[in-house]
1. Tally the residues that are more than 8 Å from the ligand (Cβ to nearest atom) and over 13 Å from Gly28 (Cα atoms), restricting the search to segment 166-185.
2. For Arg76, all conditions in the list (1) within 13 Å of the ligand (Cβ to nearest atom); (2) in contact with a Pro (Cβ under 7 Å, 6 or more places away or on another chain); (3) open to solvent by 70 Å² or more (accessible area, probe 1.4 Å) hold save one; what is the number of the exception?
3. Taking Ala228 as the residue in question, decide whether it is in contact (Cβ under 8 Å) with a residue 40 or more places away in the chain and either farther than 16 Å from Met115 by Cα or surrounded by 19 or more Cβ atoms within 10 Å (Cβ to Cβ) (or both).
4. Given the conditions (1) open to solvent by 20 Å² or more (accessible area, probe 1.4 Å); (2) closer than 28 Å to Asn188 by Cβ; (3) at pLDDT 95 or above, and given that Gln2 satisfies all but one, which numbered condition is not satisfied?
5. Against the definition (open to solvent by 30 Å² or more (accessible area, probe 1.4 Å) and of a type in the set (Asp, Glu)), how does Asp70 come out, yes or no?
6. Tell me whether segment 93-109 contains one or more residues that are free of Cβ contacts under 8 Å to residues at least 60 places away in the same chain and in contact with a strand residue (DSSP E or B) (Cβ under 8 Å, 6 or more places away or on another chain).
7. Mind listing just one residue for me: the one in segment 78-100 that is in contact with an Asp or Glu (Cβ under 8 Å, 6 or more places away or on another chain) and assigned to a loop (DSSP other than H, G, I, E, B) and, of those, nearest to His37 (Cα to Cα)?
8. Would you check which residues across segment 214-233 are touching a helix residue (DSSP H, G or I) at 6+ places or on another chain (Cβ under 8 Å) and either under 15 Å from Gly279 (Cα atoms) or modelled with pLDDT under 95 (or both) and list them?
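The values are calculated or read from the model by the stated rules, or taken from the named source; none is laboratory data. Quick caveat, the model's predicted, so the values are computed rather than measured. As a convention, Cβ positions derive from the backbone with ideal geometry for all residues, glycine included, and neighbour counts pool all protein chains shown. Note: areas computed on protein heavy atoms with side chains; ligands, DNA, RNA excluded. Shrake-Rupley method; radii C 1.70, N 1.55, O 1.52, S 1.80 Å.
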Amino acid sequence: MQVIDSTESLAKALAARRGAGMARPPLGLVPTMGALHAGHLSLAAAARSQCDTVVLSVFVNPTQFGPDEDLDTYPRDLDGDASKAEAAGVDILFAPSTAEMHPGQMAPPAALYGMLEGARRHGHFQGVATVVAKLFDLVRPERAYFGEKDYQQVLVVRHLVAEGPFPVEIVACPTVREPDGLALSSRNARLTPPERQAARVLYQALLAGRAAIEGGGREPEAATASMAATLDQEPLARLDYAAVVQPNDLAPALPPLRGELRLLVAAHVGAVRLIDNMGAQAG
Ligand code: AMP
């Protein structure tokens, strides 16, 4: 595995591999912020099984963090990431400095950027889109792998590809969970043991919301109320939002609920903000 920290070396390494026939299409890109866990590695495994070359990027992108968010305390472990990426069969680990990426704010905000997560984290998706566009431009992958764990992010990236010049296929991979249902996240490392126990309530809230819908409920409020009530029972958790939306554009689901829907939840557990989501089928 090559470990590369500059855009110039990345361009050279990709050109050399392509020239030598070592990087035939498809080339797969897995963008991450590092502190790799089994969720990230499931994306790398999907890329490994489908692509000739796999590039995994590690970049804690400052432009997707708000001023009061956890940029400074976000977990970082490049040595650990390198061993995990190598064991997962990654060909190139691209870990640029912030100066190397100098992400500005350029992506034109779509309505999607301002809803749900975007309404709480101003500029977050512009920051994501800017860096993903930059990575697409540098790596020129045929496929890029994202986790459904960050459901809105997948839609933002699909929108970026639909509007932009990048001939890349977006592959969305299912959420990897702990045995008790908690979605793996780099931020879970910052939970205390009692908070870690409490954090499974996000998954339980999603199950409660799904049961309300799949049990025949036709009102979105009934589903969001059972999600909120589940969260409420956990004293260490504080609900940020619980929503039932259309899966393709996150528009609020209207009564009577019908067809495929997405449930999304965000909550604070101690000082850590967690998100999760799940599909549900009404009717
Ligand atoms: P991050 O490092 O948090 O920016 O995540 C990098 C990629 O890994 C994103 O596409 C995430 O959606 C994905 N990811 C994070 N956690 C999980 C998980 N538990 N299961 C599947 N994919 C995940």
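1. Keep residues of segment 166-185 that are more than 8 Å from the ligand (Cβ to nearest atom), which gives 166-172, 178-182.
So of that shortlist, the ones also over 13 Å from Gly28 (Cα atoms) come out as 166, 178-182.
Within segment 166-185, residues that are more than 8 Å from the ligand (Cβ to nearest atom) and over 13 Å from Gly28 (Cα atoms) number 6.
2. So the condition that Arg76 fails would be (2).
3. Numbers: in contact (Cβ under 8 Å) with a residue 40 or more places away in the chain: no; either farther than 16 Å from Met115 by Cα or surrounded by 19 or more Cβ atoms within 10 Å (Cβ to Cβ) (or both): yes.
For Ala228, the condition - in contact (Cβ under 8 Å) with a residue 40 or more places away in the chain and either farther than 16 Å from Met115 by Cα or surrounded by 19 or more Cβ atoms within 10 Å (Cβ to Cβ) (or both) - is not met.
4. Just one mismatch for Gln2, condition (2).
5. Details: open to solvent by 30 Å² or more (accessible area, probe 1.4 Å): no; of a type in the set (Asp, Glu): yes.
So Asp70 does not fit the description; no.
6. Here is the first cut: in segment 93-109, the residues free of Cβ contacts under 8 Å to residues at least 60 places away in the same chain are 98-99, 102-109.
Now restrict to residues that are in contact with a strand residue (DSSP E or B) (Cβ under 8 Å, 6 or more places away or on another chain): none.
Within segment 93-109, none of the residues are free of Cβ contacts under 8 Å to residues at least 60 places away in the same chain and in contact with a strand residue (DSSP E or B) (Cβ under 8 Å, 6 or more places away or on another chain).
7. Out of the qualifying residues, it is Ala95.
8. Of everything in segment 214-233, those that are touching a helix residue (DSSP H, G or I) at 6+ places or on another chain (Cβ under 8 Å) and either under 15 Å from Gly279 (Cα atoms) or modelled with pLDDT under 95 (or both) turn out to be Gly217, Ala223, Thr224, Met227.
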